[in-house]
Each structure stands twice: as C-alpha cells, then as structure tokens.
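First up is the structure itself, then whatever we jot down about it.
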Amino acid sequence: MMTKQFLIISSFLIALFCASTSGLTPAQAPSQTPAQAPAKPLAQPPAKPKTPVASSGQAPLSQEPIVQSPPHKGRSRIPTDVTGILEKVGGFSVFIRLLKSTEVLTQVENQLSASNSLSILAPTNDAFASTLKPGTLNTLTNEQKVQLIQYHVLPTFISLVNFQTLSNPVRTQASNTYDYPMNITTEGNWVNISTGIVNASITATVFSDNQLAIYRVDKVLLPLGVFAPRPKLPPAPAPALVAKPKDSSSNSSLTTSTASDGTSDGSAEESNASGAPGLSGTGAVSTFGLIAMVAAVLMLV
C-alpha cells in the first residue's frame, strides 16, 4: 500500500516537473535596431512682421484702399469722382453735402482736372455726431463753412507711408497756418492729426491713385480759426523815417544865388536911378552938336 502511494506521488511530481519545464524557451538575445541618423529640423517659414495693434482695440490700419482706382488708358484722364467714391463706401453724407454747398467740391474737381494732386481727410457721419453738438453747423457763416471744409483738404498727394515726412504745421487749403494750424504725427502705420482743439486719427484709406488720396478720419477736424480764433498778429511796424543831413554845398549855392540875385537887383536899381540923367545928357550933347554944325554951315554961306 505504501509502495503504491509512493509511486502515485512520484508520478505526480514528475508530471508537474515536466509541465513546468515544457513552457520555458531558450533565452533570446535582446533585439537590436539599427541606429537612425538624427532627423533634420524642418525649415521654419520666415516670421511675419508683427502688425501694430491700436491701444483702443481697433483693427490695424490697412494700406489697401477700400475703393480701387480704375486703370488709366492712354494719356487722357477723367477727373476722379470724389463724391461717387464717398457714396460708394457709405457713411459720408454730411461731408458730401458740405462739399457741395460750399462749392469746395468744384474747386477740388478743377484742381484735379488741371493735374494737380490733393489729399482729402474725410470725416464720417459718426465723426460729425461725436465731435459737434447738434445745430453747430447752422451757427457757422458761409465763409466759416468754406474754411472748415478746405481745412480737410491738403494741397498735395500724400501716401500713407509719407505722412511721417511732413513738416509741422502742415499746410491745408484753408487760409493760413496761423489761424488754421495742423500737426500730423505718425507711429508705425498710425497717423494722428492735431488741430489744437481735437485729436483725430486716420482709420482707413478710402481711395488712392497717385494723384488723389482720400482718407477716413474718426473726428471732424476743428480749426482754431473757426472755433477758437487766435488774436490777430500786430501789423509789422513801418520803417522809421531817417532825416537826411543837409547838403552844405546846396546851401552854399543857394546863399550864393541869393547874394547874386541881390547884387543884380541893386545894380538894376542903380542903373534905373542913374539911367534917366544919362539918357538926358546924351540927348543934350547931340542937340548942341547939331546946332554947331548948322552955325558953321551958315557962316560959310
């Protein structure tokens, strides 16, 4: 009995040992992958220049005009339709009305027809509403309205990048730079305009064709000459009159002339005083001689 149990246990152990060793596989050498060359860094595209962002959060100013200029054919040139451009963009009805009522539009068209170049700073309807109180335009005289609109016209073509080359005060179509001064400064693509009353900015290029540039501004440019007249400049002093020194030679000649006149007058008086007796004496001598001659003739007879 004991022998039988021993055989069973031995058989069980042998089977268990065989089962545990049959699942084992010879150790495999760790696989080695061939070393790869380091990958080349991908070429990065050139970084684009950063576009200035306004502190107010507005979109950056684009140099691309809203209205494209038509191609020019040949040498003939049709004057640019200023009001047509502004109407196409929209939002400039107040400025268009003032351009027409003041006849500044006619001046602009004539200058463009004569191949003169101009730049127009056009305020929007919102600019008029935010800058001027209601009814302000009605209080202005016709001359003041003309000066106000001419103040928004610069007598030369100025591209957006050339504003930084201007010298202040900038000359406008208004009367003069004393009553109508304008200072323009730039910071990157931003163009700031100061009139002495308001500070405005160019917000878009409406049109540009190398003869005419139209820019949109966010405020009406209020000139000092209309809304805060400055004291008139005093007239230039007249040149002081300098007394000429007396000419001694002319005085001497004058004295000599006077003396000579006195001498001649005295001589004339003297001759007049003694002239009559002289003539009488001569007459007496002549008569006596005639009598003597007659007496001699009679004696000879």
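Close amide-amide hydrogen proximity is noted between THR203 and ARG216, VAL217, ASP218, each under 5 Å apart and 5 or more residues distant or on a separate chain (H modeled in the peptide plane; Pro and chain starts excluded). Projecting label points 7 angstrom from Cα along Cα→Cβ for ASN162 and GLU143 puts them 3.3 nm apart. Ligands, DNA and RNA left out, the accessible area of segment 82-223 computed with a 1.4 Å probe is 44% carbon and sulfur.
Computed with a 1.4 Å probe over protein heavy atoms only, the accessible surface of segment 82-223 comes to 43 Å² per residue.
Taking 0.36 nm per residue of separation and subtracting the Cα-Cα distance, full extension of the segment from ASN199 to SER130 would add 23.6 nm. Backbone geometry of segment 199-215 corresponds, through the Karplus equation with coefficients 6.51, -1.76 and 1.60 at θ = phi - 60°, to 3J(HN,Hα) couplings of 10, 10, 9, 7, 9, 6, 8, 7, 7, 7, 9, 6, 10, 10, 10, 10, 10 Hz, x marking Gly and Pro. When the alpha carbon gyration tensor of segment 96-202 is reduced to an equivalent ellipsoid, the three semi-axes, largest first, read 22, 19, 13 Å.
The values are calculated or read from the model by the stated rules, or taken from the named source; none is laboratory data. Since the model is a prediction, treat every value here as computed from it, not as a measurement. Here the Cβ is made from the backbone with ideal geometry for all residues, glycine too, and neighbour counts use every protein chain on show. Calculation scope for accessible area: heavy atoms of the full protein, side chains included, ligands and nucleic acids excluded. Shrake-Rupley method; radii C 1.70, N 1.55, O 1.52, S 1.80 Å.
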